[in-house]
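A short reminder: the numbers here are calculations on the coordinates, not readings from a lab. Fair warning: this is a prediction, and the values are worked out from it, not measured in the lab. Cβ: placed from backbone, ideal geometry, glycine included. Neighbour counts: every protein chain shown.
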Amino acid sequence: MRKIFTLFFLAFVLNFQADAQVWLELGAKGMMGFTGFTNANISSDSQHDSSLGLGTSVGGLACINFGDYHGLNFEILSNTHHQSMTYRGGTMNQAVNIEWQSTDIYLMYRWYRDNGAFLEAGGKSTIINEAQQSLGTEWAKVNDKYTDRYYSAAFGVGGFVTSNKVLTVKTGIRAEYALTDLISDEGQAEGYPTFYTTYDTYEETRPFRVGFYLEVTFGVGGIAQSQCGARGVIFGTGYN
């Protein structure tokens, strides 16, 4: 996945380098939204009820822009994820909660329109720093049951809230879905995330997330400041 990101970035730079001005924005970003995961065994099991969790993210980003319409966002965010379930098997009626904290690294391509709206698509690498799981009221660290890293595809839409020659505020909605399993080899052997029951076959656990975000960026250099002030605004009023 890292090689794919690198090749994508190099190809993009070479394609636009000849005929477009390249300029840079640096800034901060926060995101909040719904998190969870899909698992075919759990979703088809009438003894399980699942509910979405709330996740938050905060971190920094660098936006490399190629002219007025194309850009690459490189983002590093510290994230929290949560999934809640209830299991009613046999004599059990227990709440199951799974939480993991991670560092997420994004590489997103953005296509901007003249009116300040944009579309984005790309990928994310999630590095899990800590994982916890509860059965009832008892919590336990389960880092070894969950993978160290998983990869996701991401897609979003957004627009400019306000913009001048120094500062730009953007907002949007981003959806993500994992392309690889959340559970480690050891966790798979022990039946995670549902170690308290058994299924005939193993099914992968794929995290997902839908979040609303806000980012504030500053143009670096004279070209960047000029371009920031000239961009359209979809949600607010542009000013110089």
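On full extension of the chain, what length is gained from SER134 through LEU24, given 0.36 nm per residue of separation minus the C-alpha to C-alpha distance? Before the final figure, lay out the partial values.
Values: separation 110, 0.36 × 110 = 39.60 nm, distance 4.42 nm.
Taking 0.36 nm per residue and subtracting the Cα distance, the gain is 35.2 nm.
Neighbour counts of other C-beta atoms within 10 Å: give me PHE118, PHE34 arranged from fewest to most. Working shown, then result.
On the way: PHE118 21, PHE34 16.
Going from least to most buried by this count: PHE34, PHE118.
The stretch between VAL220 and ALA95 holds 40.0 nm of extra length on full extension. This uses 0.36 nm per residue minus the Cα-Cα distance. With contributions of -39500 (n - 2.57) from each DSSP H run of at least four residues, the per-residue ellipticity at 222 nm computed over the chain stands at -4000 deg cm²/dmol. Angle check, please: helix 2-17 long axis (alpha carbons) against the longest principal axis of the chain (alpha carbons), in degrees 0 to 90, nearest 10. Long axis of 2-17 versus the principal axis of the chain: about 20 degrees.
Scanning the chain for trypsin sites (Lys or Arg not before Pro) in DSSP loops with at most 16 other Cβ atoms within 10 Å, what's the longest stretch left with none? Looking at the chain, 1-87 is the longest stretch - no exposed trypsin sites (Lys or Arg not before Pro) with at most 16 other Cβ atoms within 10 Å.
Going down the list LYS29/LYS141; LYS145/LYS170; LYS29/LYS165, which pairs span over 26 Å between their C-alpha atoms?
Values: LYS29/LYS141 29 Å; LYS145/LYS170 38 Å; LYS29/LYS165 19 Å.
Beyond 26 Å: LYS29/LYS141; LYS145/LYS170.
Here SER51, SER125, SER78 are placed in order of increasing Cβ neighbour count within 10 Å, fewest first, which gives SER51, SER78, SER125. Going from the residue with the fewest nearby Cβ atoms within 10 Å to the one with the most, TYR202, TYR150 rank TYR202, TYR150. Length gained on full extension, PHE212 to THR197, computed as 0.36 nm times the residue gap minus the Cα-Cα distance: 1.9 nm.
If R0 is 22 Å, what FRET efficiency do you get for LEU179 and PHE34 from their C-beta distance, rounded to 0.05? If you can, show how the numbers build up before the last one.
Numbers: r = 19 Å, r/R0 = 0.87.
The pair LEU179/PHE34 has a calculated efficiency of 0.70.
The distance between label points at ALA121 and ASN143 comes to 3.7 nm (points 7 Å beyond Cα on the Cα→Cβ vector). State whether the chain is rounded, prolate or oblate according to the following rule on the C-alpha gyration tensor (a ≥ b ≥ c being the square roots of its eigenvalues): a/c under 1.5 gives rounded; otherwise a/b larger than b/c gives prolate, and the remaining case gives oblate. Prolate.
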